[in-house]
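J.: A single structure is presented below for examination.
The values are calculated or read from the model by the stated rules, or taken from the named source; none is laboratory data. Note that the coordinates shown come from a computational prediction; the quantities given were computed from them, not determined experimentally. Don't worry about glycine lacking a Cβ; one is built from the backbone with ideal geometry, like all the others, and counts go over all protein chains shown. Each accessible area value is taken on the protein alone, full model and side chains, heavy atoms only, with ligands, DNA and RNA left out. Shrake-Rupley method; radii C 1.70, N 1.55, O 1.52, S 1.80 Å.
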Amino acid sequence: MIAPVDAALARKRQRFLPTLFRTTAFKLAAAYLVIFAIFAALVLGYVAWNAQRLLTDQIRSTIDAEIQGLAEQQRQGGIRRLVNIIERRSRGPGASLYLVTTPLGERIAGNVEALPPGTLDRTGESEIEYARSSEALDTPSRALVRVFMLPAGFRLLVGRDLEERERLGIVIRRAAGWSLALVFILGCFASWFVARRVLKRIDGMSETAHGIMEGDLKGRLAISGTGDELDRLALNLNAMLDRIGELMAGMQQVTDNIAHDLKTPLTRLRNKAEEALRSAKSPDELRAALDGSIEEADNLIRVFNALLMIARLEAGRVSDNMAALDLSEIVSGLAELYEPLAEEAGLALTCEVEAGLKIQGNRELIGQTLNNLIDNALKYGAPEQGGDGTVKVVARQVGDQVELSVADHGPGIPEADRSRVLDRFVRLDASRTKPGFGLGLSLAAGVVRLHGGQIRLEDNAPGLRVVIALPAAPKPVETLPPSEPAASTAPPNPAGLPSL
């Protein structure tokens, strides 16, 4: 009987092997193995062919040297001397093949016993089967021979046995067979090993991904540290998971902030309506209650409009409405509109704007962003204990960017909270007594990101300086003269804008 653990292991192996063979790593390794085996076979075949050709050339050179020597002997001493020399050479060990015949084909001298019919009738070089003796007729050998016609019709055959070439071919074929078999075996093992390692890592990634889908949002893919493509994939996926976690945390924070910050105006709206129903005794009192309720409802609508605009900015859905803008004109117009409001708040609004600052952007969004920054500076920039009450707006070009800054001398924002206040519905404790919902800086950050710029919150010693850096438009930029006065760069009634 098989133990449960052994049975589970066997089932796991049964599932693992088919999966292993279906992996891309195994298929690639197998494809590389086949390609390598084909190239190895071609290389070995080329080596064998060249080796046999070289050996054949050496045999042919030996035959040529033999023929030249015998021809010289024949010229000096005639056919008899040639026959004597062949008889003497034929008896030596490892001798070449020699045969001299009469014009009728009768053997005179030599060490060849049998030849294929018609061999001596064809002059020139050829490969034939031969036998040195009558006992070897059943197992003929191959030889490379050359036939010549001598004076008076005599024939001379000189050749070399091809046994060495045949043995070399056998050795090469045997070595090639074993080499290809070894390559195939090692290649299969390497394919299995590589695919198993890759499959193990991918299975680990799949298990981690399954755990994340089950709700473990803190799970991350393992990094082996080798820096290979799987590590790069895991790093990118982990970065994506971190970003998703940040977005989900931000969504949860926004949800909590909406529930917290909108509960108060909704409760106030309900209380006013309930108070009006319970205590209003005249149409004027009912009208006043309705006006207050409408005002509260308008504030809530503005908040949701701002949230919708932030969502559209983050999704890039308003990036098509871009045009060449004169930022100098926009900043100057808004600063002029806010000067009376600054005087009412007991502050002084100064403006330093370079002429001809050109950017590519959305006029309404840029105006709304500057509007929010100046509004925040007037609300929170009042100096403490009679300090400098100046709000300074500066627009200038720095390199290939246009920098727009709004600075005040209020309490400022601690350095640890400067990145946090750019999120939605984030309001510091010191600002909760002022009207607003904590969306102004978040909306400004979204507009800046949409325009490819950067927003920085700096210490104004004392106070806060908000700096926006936007890419400057290429020069020259052809822009149409404004069809409306500078007052059109901002809403006509800044005092009626919502405090976001």
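J.: Work out the FRET efficiency for D459 and D231 from their Cβ-Cβ distance, taking R0 = 45 Å, and round it to the nearest 0.05.
T.: Working: r = 41 Å, r/R0 = 0.91.
With a Förster radius of 45 Å, E is 0.65.
J.: With every protein chain present, what is the per residue accessible area of the stretch 139-275 (1.4 Å probe, Å²)? Numbers along the way, then the final one.
T.: Numbers: 9120 Å² over 137 residues.
Per residue, the stretch 139-275 has an accessible area of 67 Å².
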